[in-house]
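The numbers here are math on the coordinates, done by the rules we state, and not lab data. Because the structure is predicted, anything quoted here is derived from the model rather than measured. Every residue, glycine as well, gets a Cβ built from its backbone with ideal geometry; the counts of neighbours run over all protein chains shown.
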Amino acid sequence: MKADISRKPIQTSLLLLLSFFTLNSCASQLIRQKPLYETGTILSLRKTINLPVGSKIRIRLKNGEVKYGKYLGFQKLTFVDYQDKYEDGKKGVKRKVILPEMNETISLRLHDNSERFAEFLGFDFKTVHIRYLDEPETIILPVGNLENITNKNGYRIEKPILDVLSRIGDIPYSSMLIFREKNASMAAQIGIEKIVHVQYIDRETSRFSKIATTTGMVLIPILTLFLLITI
C-alpha cells in the first residue's frame, strides 16, 4: 500500500509532463500553420510576395478578369521564350507605340540628362534590361531612371508613355506568376504585366494535420484529467 501511495506523485508528475509536451506540440503545430498574412490581404507586385507554395490566392487581372488557384511561385522566362513572348506582345500594343526590337541598339536618355547607347534585352517589372555597348554585363535599369528611349530609326518613347503602357499591361515582361487554377490538373502561368494584384485567401493545410491537431488539443486535457481522478 505504501509503495502504491508513493508512486502516485510520480505518476501524476509524469502525466502532467506528458500533457505539457503534447499540448506544446499541438500549439507549435498551430503556430506553424499560422499564415504570414491575414485572409483577404492584397499583395502588391511592387513588393516581394513571400507566400508558401500551395497558398490559395485570388488574382485580379487588368482586363477585369479574376482567377482563383494555388500559388506556385514566380519564374523568369528563358531569353528565347521571352523573345517569342515579346515579339507577339508588342504587336498588340495600343496607342500605336513602337517598342524597340530585341537586341536592337537604342539610345537611353537618363534622368541626369546623360545619354548612353545600349543593346536592348527586354522589359521586366518597372525595369528595362540592357547591355551598354562598352560593358559586357547585363544591366537592370529602373524605368524611373529614364527620360526616354530612342530606337535606331529615331523613334522616341518618353517615360510617361512607358508608364502608361506598364499600367495597362501592354509591355511584355519576362517574369511570370505560376499557379494552378481551381479544378485544373496542370499549372498555368500569367505575365505579371497583366496582374493588378494577388490576394491571399488561405494557406493550404492537410486535412489530417488539422484533425490531428484539433483532436489533440481537446482530448489530451480530458484524458489527463480522467487518469488523475482514477489514480
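Results, tabulated for the structure shown:
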| item | result |
| --- | --- |
| Tyr68-Leu141 pseudo-label distance in nm [points 7 Å out on the Cα-to-Cβ vector] | 4.5 |
| Label-point separation, Thr41 to Asp202 (7 Å along Cα→Cβ), nm | 1.7 |
| Computed lengthening from Ile178 to Ser166, 0.36 nm per intervening residue step minus Cα-Cα distance | 2.3 nm |
| Nearest-0.05 FRET efficiency for Thr78 and Asn103, computed from C-beta distance (R0 22 Å) | 0.90 |
| Listed residue pairs exceeding 29 Å between alpha carbons, taken from Lys126/Lys152; Lys67/Lys94; Lys67/Lys159; Lys94/Lys152; Lys91/Lys126; Lys56/Lys94 | Lys67/Lys159; Lys56/Lys94 |
| Cβ crowding within 10 Å averaged over residues, with 104-114, 172-182 ranked highest first | 172-182, 104-114 |
| Convex hull volume of the range 44-158 per residue (C-alpha atoms, cubic angstrom) | 143 |
| Spacing of the two label points (7 Å from each Cα toward its C-beta) at Asp112 and Lys159, in nm | 1.4 |
